[in-house]
């Protein structure tokens with residue numbers, strides 16, 4: 001989805017894109033390990049509006065933050081590099097674009113749930129899930145749509161109600177910049193498949209659900225082990241102003257404390273998907289990083305992805321990590337495996353037939 005352009009003025013307030021900030025990062029890029037750029041879709045937006053419209057995840061309540069973490073004891077076989085896109089090329093869903101709607105809480109939940117459902121079902125479930133449904137219909141307990149939401153409540157909705165596919169209930173808040181009216185009342189969601197509100201005649205979708213989510217230990221190795229064994233995870237991060245301008249490299253916050261007057265400092269919380277890790281040597285020194293998927297479209301960062309310093313809780317990226325198991329229907333999984341097995345047998349038969357024809361042509365010649 002292409003990012004719409006806005007002409008928001010920032011004459012009296014701190015601009016999101018500022019020359020001195022770009023120069024500060026790029027003049028020290030070798031020391032910092034990353035580069036910044038001037039994104040046209042952020043031009044004219046204030047820092048305050050960037051925090052409000054480009055993030056959207058509320059910091060979890062202290063009771064949620066303090067819940068017991070899942071501990072992984074054996075981390076001896078963790079590799080030095082890992083990329084879920086290469087490990088499971090058909091199972092990881094593409095970059096999303098939230099637009100100017102503070103909906104990262106809904107998009108990151110839908111994206112992680114979709115990846116894990118696809119992975120845990122061995123490809124039987126492969127749909128991208130509807131973030132718009134979560135945004136529109138998860139309206140209890142101080143969820144505020146495009147003005148932000150809580151991750152634990154989004155997962156509660158995924159677990160108890162369930163969501164349909166993205167084609168069934170497509171994301172349009174990037175255009176409207178507001179939460180829409182819920183088009184799938186809860187009584188409709190009790191069905192195993194429901195008619196879609198997207199206007200596509202006859203289109204139906206399964207209702208996808210997950211098991212209760214679990215918090216993962218902030219230990220670096222344990223996060224890595226969780227990703228390589230069970231799939232991408234959801235991460236909360238504390239965003240400061242330089243992150244919006246990230247272009248490439250391994251991000252870490254680069255501004256001195258006195259770069260802005262205290263009364264003009266603005267920060268916010270965001271949620272993203274971690275899907276891998278590695279080490280970058282381009283600056284002459286090793287920089288360990290997490291590979292993350294943002295929800296600002298393909299024009300931002302490294303084709304929608306970014307790398308962030310690993311092992312030091314940079315921007316609180318390791319402080320609140322969530323994993324989940326998808327609810328997989330055993331009958332559907334067996335049906336998928338039979339179809340897959342049949343396709344494999346057909347491919348094998350075709351290869352044998354081609355080989356036999358090739359031998360016959362050689363024999364006749």
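The values are calculated or read from the model by the stated rules, or taken from the named source; none is laboratory data. As the structure is a computational prediction, the values presented were derived from the model and not from experiment. Please note: Cβ atoms are built from the backbone with ideal geometry, for glycine as well, and neighbour counts cover all protein chains shown.
Taking residue 171, is it surrounded by 17 or more Cβ atoms within 10 Å (Cβ to Cβ), part of a loop (DSSP other than H, G, I, E, B), in the same structural domain as residue 113 (by TED's automatic domain parsing) and within 18 Å of the chain's Cα centre (by Cα)? So residue 171 fits the description; yes. Of the helices (runs of 4 or more DSSP H) entirely within the stretch 76-137, those holding at least 2 residues that are closer than 30 Å to residue 47 by Cβ occupy 104-120, 131-137.
For the stretch 94-108, a residue qualifies if it is surrounded by fewer than 24 Cβ atoms within 10 Å (Cβ to Cβ) and under 15 Å from residue 177 (Cα atoms), and the qualifying residues are 97, 100.
Residue 311 satisfies every condition listed in (1) in contact with a helix residue (DSSP H, G or I) (Cβ under 7 Å, 6 or more places away or on another chain); (2) assigned to a loop (DSSP other than H, G, I, E, B); (3) closer than 19 Å to residue 98 by Cβ except (3). Annotation: of all residues in the stretch 120-129 being surrounded by fewer than 24 Cβ atoms within 10 Å (Cβ to Cβ) and within 15 Å of the chain's Cα centre (by Cα), the one that is farthest from residue 179 (Cα to Cα) is 127.
Mind listing whichever residues of the stretch 47-63 are part of a loop (DSSP other than H, G, I, E, B) and crowded, with 24+ Cβ neighbours inside 10 Å?
55, 56
Here the stretch 1-22 is the region considered, the condition is being outside any loop (DSSP other than H, G, I, E, B) and in contact with a strand residue (DSSP E or B) (Cβ under 9 Å, 6 or more places away or on another chain), and the residue that is modelled with the highest pLDDT is 22. Could you check, for the stretch 266-279, whether at least one of its residues is modelled with pLDDT of 95 or more and part of a loop (DSSP other than H, G, I, E, B)? Among the residues of the stretch 266-279, not one is modelled with pLDDT of 95 or more and part of a loop (DSSP other than H, G, I, E, B), which makes the answer no.
Of all residues in the stretch 203-221, exactly one satisfies the criterion of being farther than 30 Å from residue 161 by Cβ and surrounded by 18 or more Cβ atoms within 10 Å (Cβ to Cβ), namely 220.
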